[in-house]
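The values are calculated or read from the model by the stated rules, or taken from the named source; none is laboratory data. The structure presented is a predicted model; accordingly, all values stated were derived computationally and were not measured. Cβ placement follows ideal geometry from the backbone for every residue including glycine, while neighbour counts extend to all protein chains displayed.
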Amino acid sequence: MLILLLRTILIYTFIILAVRLMGKRQVSDMQTSELVITLIISDIAAIPMQGVEQPLLSGLLPIMVLVALEIILSILMLKSSKFRNIICGNPIVIIKDGKILEKELKKLRVCYEDLYSLLRQQEVFDVKDIKYGIIETNGSLSLLKYKEDET
């Protein structure tokens, strides 16, 4: 039992260091690839935590490889915007000149209720007040509102 506890503490500490090495503090800051790596790491880490018959290194080594791959991937994304667009996608305009672009909403599989909820969270209650609404690659909504004298 003590060995299981020590292994769990060691793996937990190792994962915390690995995630910090990847450089993100919150899930909402993660790109898709980072979230996938994090989920895979948690799955791999559970195996040696559940049983002492599994060698500890068989859990730590794949985690180290995944963290190294994520760091390499992030460096490549910094150096190549084309590669970044392939991995992360592009921001998409969903509101233009006060009108919702239905085609873009369908592409993103976002329903009107979700869009209106996002708008209300940003204290916008009328789409006509928005010059541009953009869904960013991390899923957040950026808005450019009309100036008072433009409406």
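Brief remarks on what is shown
- Residue in the range 1-49 that is modelled with the highest pLDDT, counting only those that are surrounded by 13 or more Cβ atoms within 10 Å (Cβ to Cβ), of a type in the set (D, E, K, R) and within 30 Å of S140 (Cα to Cα): E34
- Search result, residues across the range 115-138 that are assigned to a helix (DSSP H, G or I) and either surrounded by 13 or more Cβ atoms within 10 Å (Cβ to Cβ) or among the basic types (K, R) (or both): L115, Y116, L118, L119, R120, V127, K128, D129
- Of all residues in the range 81-114 being closer than 13 Å to I134 by Cα, among the aliphatic types (A, V, I, L, M) and in contact (Cβ under 8 Å) with a residue 24 or more places away in the chain, the one that is surrounded by the most Cβ atoms within 10 Å (Cβ to Cβ): I95
- When the criteria are applied in full, L60 meets the requirement of being over 18 Å from C88 (Cβ atoms), in contact with a Phe, Trp or Tyr (Cβ under 8 Å, 6 or more places away or on another chain) and at pLDDT 75 or above.
- Candidates V65, V52 - the one that is surrounded by fewer than 18 Cβ atoms within 10 Å (Cβ to Cβ), of a type in the set (V, I, T) and in a helix (DSSP H, G or I): V65
- Counting only residues that are at positive phi and under 20 Å from the mean Cα position of the chain (by Cα), the range 59-111 holds 2 of them.
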